[in-house]
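Each remark here refers to the structure printed beneath this line.
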Amino acid sequence: MFAWSPSDMPGIDPNIICHRLHVNPACKPVAQKRRNFAPERVAIIEAEIDKLLAAGFIEEVSYSEWLANVVLVAKQEKGKWRVCIDYTDLNKACPKDNFPLPRIDQLVDSTSGNQLLSFMDAYSGYNQIMMHEDDKAKTSFIIERGTYCYKVMPFGLKNAGATYQRLVNKIFKEQIGKTMEVYVDDMLVKAPKRADHIGNLAESFSLLRQYRMKLNPSKCTFGVSSGRFLGYLVTQRGIEAHPRQIKAILEMKSPSTMKEIQSLTGRAAALNRFLSRSTDKCRLFFKALKKGQRDKWDEECEVAFQNLKTYLTSPPLLSKPVPGEDLFVYLAVSNSAISSALIREELGAQHPVFYTSKALLDAETRYPKLEKLILALVVSARKLRPYYQAHRVIVMTDFPLRSILHSPDASQRLMKWAIELSQYDLLYRPKTAIKAQALADFVAEFTPSAEKEKLVNQKKESSKADGTSAEPSQPGDMWQLRVDGASN
């Protein structure tokens, strides 16, 4: 069941699955000219080729019509290189395999809340699937000392992920969604009750042996209460952003180049599910990336960046919905974005399930506020369709959204949205005195602009210089927000 080296991998029986290359007959084969490398890099390439030959993954080939080049990609570890094959031309000639991949958010939801988890990783998973005999030569590549082709499915082929997902779906078809979750080569065995975990593992191990799939022992973790899965930290308590992703932003210096701003937006996008009103929080970063907006990391951007860091110092713990329970959705709009928060309630306390956010297009920014709120609901339903299909969703709003949607005088746009939303079980309810909503509305209403903050800071500095106080001298000069603490 475990492989300690490539020699321990017999490979999946080709009668069960093998990888095919369905090249478009209208596409002519492309033989790339051999690229030249410095002597030290040639040595790295040839050492890797020797390993692949010894493992039985490749073989020499002659008279191949398709020829690709080797590419060296730097690893994170300094001085280390990964040898890859540039299959750009071959991939262009192959139509996309539309075999569906699971939705990551659904897999993560179904993984959280279990007492025990086991994370499994196949040993060089792609290479355990054989290439079809008729297609091996199409994977040919060229180096200084000759031409070779793959006997096994290599990384870099367009539809390799779909082939691998097809295999694991076949192997674990009775376990997926019950005792296992699988996303391509990420496999996880779960158990809501500790006592069931050994039996679930034994069932999975039996199937692995039956199909001759080998695991990498150094990348497997068994019988733990939490772990990283598809970029999230899943625990019995719920779903958390991975500390490494948060740390990457918290330790990031203020961007000074376009590339650094792009890096920031990419890192923030990976945390969208955890960011309330993420589009509003990151709007200025994207604005700085627009054409003609170079060197526009100004004071407003810096304030937004520091606010994002402050928010991420205590990111929310996301909760997993219980089948059949009602969910709540709160909507928020601004001049440039719409947002929603999907919430579940347990013992009188409300817990976030998913945050969504979308930047408004130019025409959408001119919608009336009520239409923006309805659009926020439509976008939430589109992005979180599985939740809306499986649960009754209560729309918490003080605006007459239902009446507007079903008005006989509704515009074509509103009628279209009403038809789209009619497939879901929606209930519209006025917002009650919920502390979280009150705080959210308060912050949204009274957050000062960067210009106001700048004026306040200037006033404070001026006061310090002349020895006067900029603090309010009368109790009535201060305002306070009071809540009754009745809910969380």
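Can you give the local net charge around V61? Use residues other than it whose beta-carbon is closer than 14 angstrom to its beta-carbon, Lys and Arg +1, Asp and Glu -1. Residues close to V61 contribute a combined charge of -2. In loop segments of the range 1-82 as defined by DSSP, the GluC sites (Glu not before Pro) with at most 10 further C-beta atoms inside 10 Å of their C-beta are E77. Phi-derived couplings, Karplus 6.51 cos²θ - 1.76 cosθ + 1.60 at θ = phi - 60°, listed residue by residue for the range 237-251: 6, x, 10, 10, 5, 5, x, 5, 5, 5, 4, 4, 7, 4, 8 Hz, with x used for Gly and Pro.
Of the chymotrypsin sites (Phe, Trp or Tyr not before Pro) found in the range 1-65, those that fall in a DSSP loop while having at most 13 other beta-carbon atoms within 10 Å are W4, Y63. For the range 197-215, no residue has its backbone nitrogen under 13 Å from a point 7 Å from the Cα of S225, taken along Cα to Cβ.
Relative to the current alpha-carbon distance between E133 and K296, full extension at 0.36 nm per residue lengthens the span by 53.1 nm. Note on T365 and V303: the extension gain reaches 20.0 nm, defined as 0.36 nm multiplied by sequence separation minus the Cα-Cα distance.
When a footprinting reagent is the concern and you count Cβ atoms within 10 Å, what order do T88, T147 take, fewest first?
Ranked by crowding around the Cβ, least crowded first: T88, T147.
Using 0.36 nm per residue of separation minus the Cα-Cα distance, give me the extension gain between F2 and F37 in nm, one decimal. That works out to 8.9 nm of additional length.
Note down the nm distance, to one decimal, between modelled labels 7 Å out along Cα→Cβ at E59 and at A47. That separation, rounded to one decimal, is 2.8 nm.
Among T139, T279, T257, what is the fewest-to-most ranking by other Cβ atoms within 10 Å?
By the 10 Å Cβ count, ascending: T257, T279, T139.
Around the amide H of T147, modelled in the peptide plane, lie the amide H atoms of V61, all under 5 Å away and 5 or more residues distant in sequence or on another chain.
Across the range 14-20, coupling constants 3J(HN,Hα) worked out from phi with the 6.51/-1.76/1.60 Karplus curve, θ = phi - 60°, read x, 6, 7, 6, 8, 8, 10 Hz, and Gly and Pro carry x.
Modelled this way, with points 7 Å down the Cα-to-C-beta line, the labels at R413 and E77 are 5.5 nm from one another. Taking amide hydrogens as placed 1.01 Å from N in the peptide plane, the amide H of W81 sits under 5 Å from those of K75, each at least 5 positions away in sequence or on another chain. Considering all C-alpha pairs of the chain, those separated by over 33 Å amount to 55%. Relative to the longest principal axis of the Cα atoms of the chain, helix 435-446 runs at roughly 80 degrees.
Modelled spin-label separation between E325 and T88, with each label point placed 7 Å from Cα along the Cα-to-Cβ direction: 5.0 nm.
FYI, it's all coordinate maths here, none of it is from the lab. Source: prediction; values computed, not measured. Positions of Cβ are generated from backbone atoms using ideal geometry, with glycine treated the same way; all protein chains shown enter the neighbour counts.
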